[in-house]
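Here is the structure we will look at, set down as structure tokens.
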Amino acid sequence: MRRDYFTLSVSNVDWVDEEGDPRLPTVEIDFQGPESTLRSRFADDAGAVLDAADTDVAFRLQDSVDDPEAEGVVAVTNRLTGDFILEMNVEAEAVLEFITAARRYADATDGDARYRVEIAFGGEHFVTYEKSTFLVYNRDGDLLRSNSLIPSGVEL
């Protein structure tokens with residue numbers, strides 16, 4: 001599946017810089033490719049849509065985390081099989097800003113869910129997940145704990 005079929009946008013992150021009221025940070029992923037292909041990747045063995053607990057979200061940098069022009073790949077995977085559901089190229093700055101907002105949201109609200117992921121097909125809502133883990137890796141595949149969103153009590 002082509003990475004350019006996807007667009008990613010983030011919302012509810014501006015409140016951090018503006019010191020406003022906390023809002024649940026949200027990642028919107030819109031897919032413009034063959035819908036049946038992606039739908040099948042989001043399905044379990046019985047054909048039902050995977051639950052939030054059955055998916056993982058991660059970001060792999062392609063450049064140094066300190067590079068202001070850094071890019072990387074956001075991936076959503078099936079936790080049960082390890083298969084990639086989707087991957088897309090994105091600018092690192094937006095992802096790292098999003099993770100900061102998610103971390104501050106959790107601190108401000110003492111809530112479990114730290115961010116929301118909304119998946120759409122051509123602008124039509126498909127599924128929404130509330131998540132608390134978002135792992136960030138450097139270009140060599142090493143986990144960057146300080147840049148990742150890892151709930152307390154979770155050991156990796």
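Restricting the search to the range 112-156, which residues are of a type in the set (Gly, Ala, Ser) and more than 17 Å from residue 27 (Cβ to Cβ)?
Selection gives 122, 141, 146, 152, 153.
Residue pairs, Cβ under 6 Å, 6 or more apart or interchain, first in the range 17-35 and closer than 14 Å to residue 109 by Cβ, second in a strand (DSSP E or B). List them.
Partner pairs satisfying both residue conditions: 24/116; 25/115.
Name the single residue, out of those in the range 39-89 being within 20 Å of residue 115 (Cβ to Cβ) and more than 16 Å from the chain's Cα centre (by Cα), that is modelled with the highest pLDDT.
It comes out as 49.
Among the candidates 120, 102, 108, which residue alone is of a type outside the set (Asp, Glu), surrounded by fewer than 16 Cβ atoms within 10 Å (Cβ to Cβ) and not in a loop (DSSP other than H, G, I, E, B)? Before the answer, list the steps.
Numbers: 120 fails: surrounded by fewer than 16 Cβ atoms within 10 Å (Cβ to Cβ); 102 fails: surrounded by fewer than 16 Cβ atoms within 10 Å (Cβ to Cβ).
Sole residue among the options that is of a type outside the set (Asp, Glu), surrounded by fewer than 16 Cβ atoms within 10 Å (Cβ to Cβ) and not in a loop (DSSP other than H, G, I, E, B): 108.
The values are calculated or read from the model by the stated rules, or taken from the named source; none is laboratory data. These numbers were taken from a predicted model, which means no experiment stands behind them. With ideal geometry, Cβ positions are generated from the backbone for all residues, glycine too; neighbour counts draw on all protein chains shown.
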